[in-house]
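S.K.: This is the structure I want to talk about, given as structure tokens.
The values are calculated or read from the model by the stated rules, or taken from the named source; none is laboratory data. The model shown is predicted, which means the values in this text are computed figures rather than measured ones. When we count neighbours, we look across all protein chains shown, and the Cβ atoms used for this are built from the backbone with ideal geometry, even at glycine. Heads up: the accessible areas ignore ligands, DNA and RNA and are worked out on the full protein's heavy atoms, side chains in. Shrake-Rupley method; radii C 1.70, N 1.55, O 1.52, S 1.80 Å.
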Amino acid sequence: GEATWIAANRLALPFDRIDALLDAALLDDEITAILDVVDARCASRRPLGHLLGEAWLQGRRFLCDGRALVPRSLLAELLVGDDALDDAILLCEDLAAEAPAGPAPSILDLCTGGGSLAVLAAQRWPLARIAAADASADALGLARENVGLHRLADRIGLHQGDLFEALADA
């Protein structure tokens, strides 16, 4: 949970392998760093992702701060295909494979926020063109950072505007 995430973040340890280190002894400054975040979380009630500057979605790290919501979405499961929804994804991919050759498919992440779903879509479908749109310039700034973090700037176009109006320049 949150305690594990805080410890892993403040100790610069991999979140997904921290179980192997649960018996480790901590230095005083490490304990202080962890407790500072716990205190800030309790006092401010801000989302933990905003306090730590990162959030994880479907095993991928995203930068996170007050410019956008913390990345979380049931759609992420569809985009990575790690569960029972794989059959539906495979069916869609089979149908796409039978489609006549043409331009690469296009995917729109409307109200992208920090861009996490656009990144997951680009990773799932490497031939697709991705458009990510948001009304907030601040949110798009965070999305640009996440797109850069995942080295997908050549595949994901970011567009600012209100809903579909953002695509007028696309």
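S.K.: Take Leu120 and tell me if it is crowded, with 20+ Cβ neighbours inside 10 Å, farther than 22 Å from Arg46 by Cα and at pLDDT below 80. Talk me through it step by step, then tell me what you get.
M.R.: Working: crowded, with 20+ Cβ neighbours inside 10 Å: yes; farther than 22 Å from Arg46 by Cα: yes; at pLDDT below 80: no.
For Leu120, the condition - crowded, with 20+ Cβ neighbours inside 10 Å, farther than 22 Å from Arg46 by Cα and at pLDDT below 80 - is not met.
S.K.: Could you list all residues from region 1-13 that are assigned to a loop (DSSP other than H, G, I, E, B) and either over 18 Å from Arg60 (Cα atoms) or modelled with pLDDT of 75 or more (or both)?
M.R.: Once the filter is applied, which keeps residues that are assigned to a loop (DSSP other than H, G, I, E, B) and either over 18 Å from Arg60 (Cα atoms) or modelled with pLDDT of 75 or more (or both), region 1-13 yields Leu11, Ala12, Leu13.
S.K.: While we're here: Given the residues Ile18, Ile31, which is the only one that is open to solvent by less than 40 Å² (accessible area, probe 1.4 Å) and in a helix (DSSP H, G or I)?
M.R.: Ile18
S.K.: Determine, yes or no, whether Asp65 is open to solvent by less than 80 Å² (accessible area, probe 1.4 Å), among the charged types (D, E, K, R) and either closer than 17 Å to Asn146 by Cβ or touching a strand residue (DSSP E or B) at 6+ places or on another chain (Cβ under 9 Å) (or both).
M.R.: Values: open to solvent by less than 80 Å² (accessible area, probe 1.4 Å): yes; among the charged types (D, E, K, R): yes; either closer than 17 Å to Asn146 by Cβ or touching a strand residue (DSSP E or B) at 6+ places or on another chain (Cβ under 9 Å) (or both): yes.
So Asp65 fits the description; yes.
S.K.: Could you give every pair whose Cβ atoms fall below 7 Å, whose first residue belongs to region 142-170 and is within 13 Å of Ala131 (Cβ to Cβ), and whose second residue is modelled with pLDDT under 90 and part of a loop (DSSP other than H, G, I, E, B), counting only separations of at least 6 or pairs across chains?
M.R.: Gly157/Ala170; His159/Ala170; Ala168/Gly161
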